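J.: Below: one structure in structure tokens.
Values quoted throughout were computed directly from the atomic coordinates according to the rules given, and no laboratory measurement underlies them. Predicted, not measured: the structure shown is a model, and the values here were computed from it. Here the Cβ positions follow ideal geometry from the backbone for every residue, glycine too, while neighbour counts run over all protein chains shown.
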Amino acid sequence: MQGRRVLCYALAYTGRALHLGTALGAPSTAQPGRIPVPARAHDLCHHNTWRDMKGTHFAQFSAEVLRRGAAAVLPQHLPDRWLDALLEEADLLAPGEGDSEEGDRVQDCCAGLLGAVLVVLMAQRGHPDQLEMTVSTLMSHLHCYILALAAERVSRDTDIWVEPPTLANLFDEERAVQAKRRSAEGA
């Protein structure tokens with residue numbers, strides 16, 4: 001594993017642009033093929049288990065979803081546990097009453113959402129070594145992704161089917177979204 005090139009995104013905020021690039025991964029101190037997992041990580045019903053996707057949880061998300069490519073992060077392809085984890089992150093990202101330090105909350109809670117959006121953006125742009133965009137554009141893409149995640153949860157949990165996005169239209173704010181009752185499909 002030592003010396004292996006690992007794709008990661010180094011983020012540096014300068015002015016109004018966000019610069020993204022690649023970096024070399026440091027050798028792991030964990031045993032090869034083993035990731036230490038806190039005991040509560042196996043209790044998927046525990047309220048805080050997937051609350052913030054940091055550390056081990058983010059490493060699992062990265063290994064199971066992000067490294068599989070852009071199609072894997074489309075909401076319709078996500079397993080329930082990762083869909084729910086990303087929706088939890090979206091809840092934490094939403095401004096709440098008394099949150100004077102919104103920027104701190106973003107850094108603490110949206111690694112999974114940001115990783116998913118960046119994987120799609122890199123794929124849409126031909127996997128460049130570097131990507132530059134304004135923070136407002138990135139936030140717009142995050143909001144489009146969060147809406148697509150919520151629509152997928154509606155599709156899975158209700159009799160309302162919401163047309164899922166494609167890689168090409170996921171971040172298109174002008175995309176027409178169709179929804180219909182499943183019972184109407186058979187009629």
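J.: Please give the FRET efficiency for residue 127 paired with residue 59, using the beta carbon to beta carbon distance and R0 = 22 Å, rounded to the nearest 0.05.
T.: 0.50
J.: While we're on this one: Quick one: net charge around residue 123, please, counting Lys, Arg +1 and Asp, Glu -1 for every other residue with C-beta under 13 Å from its C-beta.
T.: +3
J.: Could you work out the local net charge near residue 163, counting Lys and Arg as +1, Asp and Glu as -1, over the other residues with Cβ closer than 10 Å to its Cβ?
T.: Summing Lys and Arg as +1 and Asp and Glu as -1 gives +2.
J.: Something else now. Could you work out how far apart the two model spin labels at residue 156 and residue 183 are, taking each label as a point 7 Å from the Cα in the direction of the beta carbon, and quote it in nm?
T.: Modelled inter-label distance: 2.4 nm.
J.: Quick one: Karplus J couplings for the stretch 128-140, per residue in order, coefficients 6.51, -1.76, 1.60, θ = phi - 60°, nearest Hz, x for Gly and Pro?
T.: Each residue of the stretch 128-140 in turn: x, 6, 9, 9, 10, 7, 6, 4, 5, 5, 4, 5, 4 Hz.
J.: I would also like to ask the following. Take the Cβ-Cβ distance between residue 174 and residue 91 as r, set R0 to 25 Å, and report the resulting FRET efficiency rounded to the nearest 0.05.
T.: About 0.45, to the nearest 0.05.
J.: Can you tell me the convex hull volume per residue for the stretch 116-160, based on C-alpha atoms, in Å³ to the nearest whole number?
T.: 71 Å³
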